[in-house]
């Protein structure tokens, strides 16, 4: 009985593990700065804080939409670029782990990790 339990535990660990998800997680923090500071940060339309701020973002194949808003200035909207997370290479030979990394977005990462923006004053009409 103990042997069956050990085999089941090892099998579950191997089948459900994924390197990028375990080692780097499914979220990544990026630093967002603005000039002037104190711009409101929205991630996918949800107010997150004000600049400067380290913002946790979900990893994935497409970046989340980030908007910077400050009275008297044009709104700045952008999507951080995601790139391949090299930790995922370990899973190319282990398909279940690779599938987990793809499904969770952990096989991607944001690069650069710091974003600097100069906000443009609104034009008078």
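Quick note: the coordinates plus some simple rules give every number you see, no bench work behind them. Everything numeric in this text was worked out from a predicted model, so none of it was measured. Counting neighbours? That spans all protein chains shown, and the Cβs are built from the backbone with ideal geometry, glycine included.
What percent do you get for the relative contact order of the stretch 36-117 when only Cα pairs under 8 Å and 6+ apart count?
Computed over the stretch 36-117, the figure is 26 percent.
Quick one: if you stick a label point 7 Å off each Cα along the C-beta vector at residue 38 and residue 78, how many nm between them?
2.2 nm
I want to make sure I understand the PRE zone here: with the label point 7 angstrom from the Cα of residue 50 toward its beta carbon, which residues in the stretch 64-87 have backbone N atoms less than 15 Å away?
Under 15 Å, as judged by backbone N against the label point of residue 50, lie 68-73 of the stretch 64-87.
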